[in-house]
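Engineer: Got a structure for you, written out below as structure tokens; questions coming shortly.
Computed from the coordinates by the stated procedures, all read-outs in this text should not be read as laboratory data. Remember, it's a predicted structure, so these values are computed and weren't measured experimentally. With ideal geometry, Cβ positions are generated from the backbone for all residues, glycine too; neighbour counts draw on all protein chains shown.
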Amino acid sequence: MRFVVIGGGPAGSNAAMHAARAGVDVTLVERDIIGGAANLRDCIPSKAMIATGGAMAFVDRSSGMGLDPIQGHLDLPGLRHRIDSIVTRLEDGLVSILRSQGVEMVAGEGRLDGPHHVVVETEGGARRVAADAVLVATGSRPRVPDWARPDGERVLSTRQAYPPAVLPEHLVVVGSGVTGVEFVHMFASLGCEVTLIVSRQQVLPRKDPEVAAVLEEDFLRRGVRLLKGARAVGVEIGVGGVVVHCDDGRAAAGSHMLLAVGSLPNFEGLGLESAGVVVDDAGYVPINHHCQTNVPHIYAAGDLSGKLPLSSVASMQGRKIAQHVLGGHSVAHRHLNYDKAASAIFTEPEIADVGLAEADAFAEGRKIRVTKVPFAASAKALINDDPRGFVKIISDPATGVVLGGSIVGQNAAELISVLAVAVTAGLRASDIAESILVHPALAEALAEAAD
Ligand SMILES: Cc1cc2nc3c(=O)[nH]c(=O)nc-3n(C[C@H](O)[C@H](O)[C@H](O)COP(=O)(O)OP(=O)(O)OC[C@H]3O[C@@H](n4cnc5c(N)ncnc54)[C@H](O)[C@@H]3O)c2cc1C
């Protein structure tokens, strides 16, 4: 069995690693960075910058912790070095694991050449590899609207915004989804003035309004200007900065503009048509529960598959594809449930959720039990000098089974794991409530909400 994987992001590298571990002959083709462009060039640098911003915010709050006020000045070259070293370390670690599992890694641009061959354009020329199974996991790139072209100077795509050579004095962010608000938070905490153009009446339009309200309050407290109900339609670039024009006649001036308006799948040039693989109108490759395309031995995963664009989801798809390639169909089917994927937004406070959302339950007319506990009553939140936010658990009133939940507050991205396990395993709220947790810990609020 020869399995050829095009794209070494979380989807591709996990599929390669798990299949090779089980004895499959695997070739992994990557044109840029093992670990993934979106993963190691977007996800990791953004979180590293947010961590530095968080450290600065902590320094700002030092007097609240009983310290003399201390000064933390940003060291941009130091921050750039830190991001580079994290990315290099992660890439090196992954390469060495893949190598130790026996995965053949080929540097170059891959494409299908008919249903059973992959051609790789390497520095040394083209190489044709035969395949019994193929995975296309080529990820995505930032979407660019037709009214603006990122130049890497004044107009930035999300990939051009870090690590910054100079810090923007005033950043105008277009797009108030998950990526947009993370960038607002990141640059505001590093000391930049920020204006956010919000096309609807709330940031994070798809989230629970109660959750979005906590974030908006924090943005306003930090002086972020919100231009709500406005759609950006044009940008003027001058010597000293930019002016972003909105469809209602309003405008936002700043030193730089950042576009955070979604992503597009990397499907071009993959030779999908030569293998008969169907692509939808938006460029995504439709897949079934096993991540198979319409051509059964050709799989697609990660951002290219148009499911949840998350590194964690891509990794899980990769693992399940490896099982399916090996013949473990039922296992693959059982575990891939996108509705139960946890996700987080790394703002301050952090926002995380999993499973059924309250608004969706109401829209479906479904009976639910909602319990909410604020962190204001948590000893650990007070000790940490950050009592913002809450835990909300949604359960079935008849059975007590946990259906979903949201957490807003410190470490929400870690704490949501408890609810993610409960939702995936079908645990009841009482299973959480009856667990003896650590005291003092933020997780105690989970047990309380579950009670
Ligand atoms: C700013 C930002 C922050 C994010 N933060 C998070 C986060 O905190 N948590 C989270 O879970 N997700 C996050 N995401 C989403 C996450 O990065 C993606 O969902 C994830 O990387 C998708 O994995 P993938 O394997 O599909 O693609 P990628 O990680 O993009 O990997 C695809 C790989 O394929 C390679 N490739 C493409 N075409 C070819 C070809 N023809 N031949 C060879 N190689 C090719 C690319 O070079 C790339 O390395 C973030 C995204 C953005 C934009």
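Engineer: Name all residues of region 196-235 having a backbone nitrogen under 11 Å from the label point set 7 Å from the Cα of residue 147 along its Cα→Cβ direction, giving them as ranges.
Structural biologist: 230-235
Engineer: Which value at 222 nm does the chain reach when only helices count, each DSSP H run of 4 or more adding -39,500 (n - 2.57), with the total divided by all residues and rounded to the nearest 500 deg cm²/dmol?
Structural biologist: The helix contribution divided over the chain gives -9500 deg cm²/dmol.
Engineer: Turning to a different aspect of this structure: Let me have the relative contact order for the chain, percent, based on Cα pairs under 8 Å that are six or more residues apart. Intermediate results must be reported in sequence, preceding the final value.
Structural biologist: Values: 974 pairs, mean separation 66.7, N = 451.
Relative contact order comes out at 15 percent.
Engineer: Using a Förster distance of 41 angstrom, determine the FRET efficiency expected from the C-beta separation of residue 245 and residue 76, and round it to 0.05. Spell out each step's value before the answer.
Structural biologist: Details: r = 30 Å, r/R0 = 0.74.
My answer for the efficiency is 0.85.
Engineer: Let me ask something else. Note the full-extension length gain between residue 364 and residue 382 as 0.36 nm times their separation in residues minus their Cα-Cα distance, in nm to one decimal.
Structural biologist: Values: separation 18, 0.36 × 18 = 6.48 nm, distance 3.77 nm.
Once the chain is fully extended between residue 364 and residue 382, it gains 2.7 nm.
Engineer: Okay, next question. So if R0 is 60 Å, what FRET efficiency would residue 288 and residue 65 give, r being the distance between their Cβ atoms, rounded to the nearest 0.05?
Structural biologist: 0.70
Engineer: Given the Cα-Cα distance of residue 217 and residue 99 and 0.36 nm per residue of separation, how much length would full extension add, in nm? Kindly include the intermediate steps, with their values, before the conclusion.
Structural biologist: Numbers: separation 118, 0.36 × 118 = 42.48 nm, distance 4.80 nm.
Extra length available between residue 217 and residue 99 comes to 37.7 nm.
Engineer: Next up: Can you pick out the pairs among 320/392; 320/340; 207/228; 340/372; 207/307 whose Cα atoms lie more than 26 Å from each other?
Structural biologist: Values: 320/392 31 Å; 320/340 15 Å; 207/228 16 Å; 340/372 20 Å; 207/307 18 Å.
From 320/392; 320/340; 207/228; 340/372; 207/307, over 26 Å: 320/392.
Engineer: Stretch residue 435-residue 278 to full length: gain in nm at 0.36 nm per residue minus the Cα-Cα span?
Structural biologist: On the way: separation 157, 0.36 × 157 = 56.52 nm, distance 4.83 nm.
So the chain would gain 51.7 nm between residue 435 and residue 278.
Engineer: If you don't mind, there's one more thing I want to ask. Tell me, what is the FRET efficiency for residue 47 and residue 2 to the nearest 0.05, using R0 = 35 angstrom and their Cβ-Cβ distance as r? Mind showing how you got there, number by number?
Structural biologist: Details: r = 36 Å, r/R0 = 1.02.
Taking R0 as 35 Å, the efficiency between residue 47 and residue 2 is 0.45.
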